[in-house]
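A.B. asks: Take a look at this one; I'll ask things after.
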Amino acid sequence: MFDKFLICTDGFHNVISETGNIEGFELKIRIPYYRGVPLSVVDEIKVAIGGGIGGEPVIYSNDDIRFTVASGSFMMSEMSTVATRRWNFDEDATLKIYKPGGLVYIDHMVELWITIRAPYGKFQGHVKKVLTMEPDKYLKVAE
C-alpha cells in the first residue's frame, strides 16, 4: 500500500566508528502499515544493494541489521522479544547494516523487503529505489 514511500531519500551514508573505521552503512525506512506497531511484530527485513554493472546484488538480512527508532535500538534477531517498544506510523526507522568498509560513494540500487505481522494479518512491503551515498560528514573534502 505504501511501498513507494518505504525507503527515505535522506540518511543513506556510511557509519564511522569511534576508532575511525567504516563499520557499515545506514538508511532510513518508513513503516508499510497504516498505524504504529510493537517492534515484536516486525518479522523480517532484507536489504539488497546492487552489485554494479553485471554484478549480483548483495543481500543483507536480519543477522546483519540493527533497527533503531525513538523507543530503542535492537538487532533484528532480538526484535521478536521487544513487545513494549513501538514503531510509530509517522516515524522513520534507521537501519544500520554491518559491512566492514561500507559502500563506495556512488548511486546504488537499494531494494527493501519488510514483513510486519499485524494482529489481523501480515503486511509486506517491497520497493527498489536508486539512492546516492551521502558523503561522510567526517570525510574532509578539499574545496
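The values are calculated or read from the model by the stated rules, or taken from the named source; none is laboratory data. Treat the numbers as computed from the prediction; the structure is a model and nothing was measured. Cβ placement follows ideal geometry from the backbone for every residue including glycine, while neighbour counts extend to all protein chains displayed. We work out accessible area using only protein heavy atoms, side chains counted, and drop any ligands, DNA or RNA first. Shrake-Rupley method; radii C 1.70, N 1.55, O 1.52, S 1.80 Å.
A.B. asks: Out of the residues in the range 74-101 meeting the condition of being in contact with a Lys or Arg (Cβ under 6 Å, 6 or more places away or on another chain) and at pLDDT 95 or above, tell me which one is nearest to Cys8 (Cα to Cα). Steps first, answer last, please.
C.D. replies: Going residue by residue through the range 74-101, those that are in contact with a Lys or Arg (Cβ under 6 Å, 6 or more places away or on another chain) are 75, 89, 92, 94, 96.
Imposing the further condition that a residue be at pLDDT 95 or above reduces the set to 75, 92, 94, 96.
Numbers: Met75: 20, Asp92: 8, Thr94: 10, Lys96: 14 Å.
Once the filter is applied, the top-ranked residue is Asp92.
A.B. asks: Could you list, in sequence order, all residues of the range 63-78 that are small (Gly, Ala, Ser) and outside any helix (DSSP H, G or I)?
C.D. replies: Ala70, Ser71, Gly72, Ser73
A.B. asks: Being open to solvent by 10 Å² or more (accessible area, probe 1.4 Å) and either among the aliphatic types (A, V, I, L, M) or in a helix (DSSP H, G or I) (or both) is the filter here, so list the residues in the range 32-48 that pass it.
C.D. replies: Ser40, Val41 - these are the residues of the range 32-48 that are open to solvent by 10 Å² or more (accessible area, probe 1.4 Å) and either among the aliphatic types (A, V, I, L, M) or in a helix (DSSP H, G or I) (or both).
A.B. asks: Of (1) within 18 Å of Leu6 (Cα to Cα); (2) open to solvent by 40 Å² or more (accessible area, probe 1.4 Å); (3) part of a strand (DSSP E or B), Glu23 satisfies all except one. Which?
C.D. replies: With (1) within 18 Å of Leu6 (Cα to Cα); (2) open to solvent by 40 Å² or more (accessible area, probe 1.4 Å); (3) part of a strand (DSSP E or B) applied to Glu23, the lone miss is (1).
A.B. asks: Output the residues belonging to the range 90-101 that are assigned to a loop (DSSP other than H, G, I, E, B) and open to solvent by less than 10 Å² (accessible area, probe 1.4 Å).
C.D. replies: Of everything in the range 90-101, nothing turns out to be assigned to a loop (DSSP other than H, G, I, E, B) and open to solvent by less than 10 Å² (accessible area, probe 1.4 Å).
A.B. asks: Being closer than 15 Å to Glu111 by Cα and in contact with a His (Cβ under 9 Å, 6 or more places away or on another chain), is that true of even one residue in the range 15-25?
C.D. replies: yes
A.B. asks: While we're here: Output the residues belonging to the range 110-143 that are closer than 19 Å to Arg35 by Cα, open to solvent by 100 Å² or more (accessible area, probe 1.4 Å) and modelled with pLDDT of 70 or more.
C.D. replies: Across the range 110-143, the qualifying residues are Arg117, Pro119, Tyr120, Gln124.
Yes/no per residue for (1) farther than 22 Å from Tyr34 by Cα; (2) buried (at least 17 other Cβ atoms within 10 Å of the Cβ):
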| site | (1), (2) |
| --- | --- |
| Ile59 | yes, no |
| Phe67 | no, yes |
| Ser77 | yes, no |
| Thr81 | yes, no |
| Asn88 | no, no |
| Val104 | yes, no |
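A.B. asks: Give me the pairs: first residue in the range 102-118 and within 16 Å of Asp10 (Cβ to Cβ) and in a strand (DSSP E or B), second residue aliphatic (A, V, I, L, M) and open to solvent by 70 Å² or more (accessible area, probe 1.4 Å), beta-carbon distance under 9 Å, and six or more apart or on different chains, which are they?
C.D. replies: Listed by first residue and then by second, the contacts come to Asp107/Val130; His108/Val130; Val110/Val130.
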